[in-house]
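> Can you keep this structure in mind? I'll have questions shortly.
The values are calculated or read from the model by the stated rules, or taken from the named source; none is laboratory data. Here the structure is a predicted model, which means the values were calculated and not measured. All Cβ positions, even for glycine, are placed from backbone atoms using ideal geometry, and neighbour counts span all protein chains on display. Just the protein is used for accessible areas: all its heavy atoms, side chains included, with ligands, DNA and RNA removed. Shrake-Rupley method; radii C 1.70, N 1.55, O 1.52, S 1.80 Å.
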Amino acid sequence: MLNKTQDEITAKWKSFDTEHPLVSIKCLAYNHKKYIAQTLEGFLIQETDFPFEVIVNDDASPDNTADVIREYEKKYPLIIKPLYQAENLYSKQDGSLDKVVDSHLKGKYVAMCEGDDYWTDPLKLQKQVAMLENNSDVSICINQVQTITKNKELTDWV
């Protein structure tokens with residue numbers, strides 16, 4: 001588990017209004033027990049001068065993904081705001097998963113990252129928010145990605 005404390009992560013925040021974070025990170029997880037810790041740590045390494053929240057939804061994973069999320073929720077309660085589903089919403093294919101999760105997003109901006117993906121750049125959010133705040137004609141931004149194969153090989157940047 002990450003050695004940074006919640007106080008260390010929030011030390012540079014200009015505001016501590018966690019009820020109105022500038023960014024909401026939307027993370028959907030299902031059977032991601034093997035990956036979710038690395039995913040959450042990719043969020044928690046973010047160095048920002050603004051508050052952000054992580055809305056991580058465990059969609060009734062049978063592999064105990066929720067147990068890993070609970071560990072992070074305990075250590076970072078101002079940042080990690082989990083949703084634990086009693087039944088799998090994705091399988092309904094009726095949009096209920098997005099409706100439930102999106103209703104909890106409070107940020108001006110939404111960053112998305114699936115529970116089996118992760119971020120490596122600690123300035124990712126800071127750079128993207130700065131670009132969006134300084135360019136009112138821009139409404140979306142994306143970043144390059146790399147895939148790690150089953151053999152632990154990195155693909156080219158896409």
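> Could you look at segment 95-158 and say what percent of its accessible area is carbon and sulfur, using a 1.4 Å probe and all protein chains?
Using a 1.4 Å probe with all protein chains present, segment 95-158 comes out at 53 percent carbon and sulfur.
> Then there's this: Using each residue's phi in segment 11-21, evaluate 6.51 cos²θ - 1.76 cosθ + 1.60 at θ = phi - 60° and report the 3J(HN,Hα) Karplus result to the nearest Hz, with x for Gly and Pro.
Those phi angles translate into 4, 8, 5, 6, 9, 10, 7, 6, 7, 9, x Hz.
> Check which residues have an amide H placed less than 5 Å from Phe50's amide H, if you skip close sequence neighbours.
Lys14
> For the chain, treating each Cα as an identical point scatterer without solvent, what Debye log10 I(q)/I(0) comes out at q = 0.18, 0.19 1/Å?
After summing over all Cα pairs, the log10 values are -1.19, -1.30.
> Which value, in Å², gives the accessible area per residue of the chain when a 1.4 Å probe is used on the protein heavy atoms?
With the other protein chains kept in place, the chain gives 60 Å² per residue.
> Another one. Taking a cut-off of 17 Å between Cα atoms, list the aspartates and glutamates near Lys26, but don't count ones fewer than 8 places away on the same chain.
Within the straight-line cut-off, Lys26 pairs with Glu41, Glu53, Asp58, Asp59, Glu73, Asp98, Asp102, Glu114, Asp116, Asp117.
> Let me ask something additional. To the nearest 500 deg cm²/dmol, what mean residue ellipticity at 222 nm is calculated for the chain from DSSP H runs of n ≥ 4 alone, each contributing -39,500 (n - 2.57), summed and divided by the residues?
When only DSSP H runs of four or more count, the value is -7500 deg cm²/dmol.
> Can you sort Ile148, Ile69 by solvent-accessible area, 1.4 Å probe, largest first?
Working: Ile148 80, Ile69 0 Å².
These residues rank, largest area first, as Ile148, Ile69.
> Just tell me which aspartates and glutamates come within less than 16 Å, Cα to Cα, of Lys127; anything on the same chain fewer than 8 places away is out.
Here the aspartates and glutamates satisfying the reach criterion relative to Lys127 are Glu47, Asp49.
> Any idea what the dipole of segment 104-158 comes to, in debye rounded to 20, about its Cα centre with Lys/Arg Cβ at +1 and Asp/Glu Cβ at -1? Walk me through the numbers before you get to the answer.
Details: 6 positive and 8 negative charges, 38 e Å.
Around 180 debye, computed over segment 104-158.
> Carbon-plus-sulfur fraction of the accessible area of segment 24-73, 1.4 Å probe, in percent?
45
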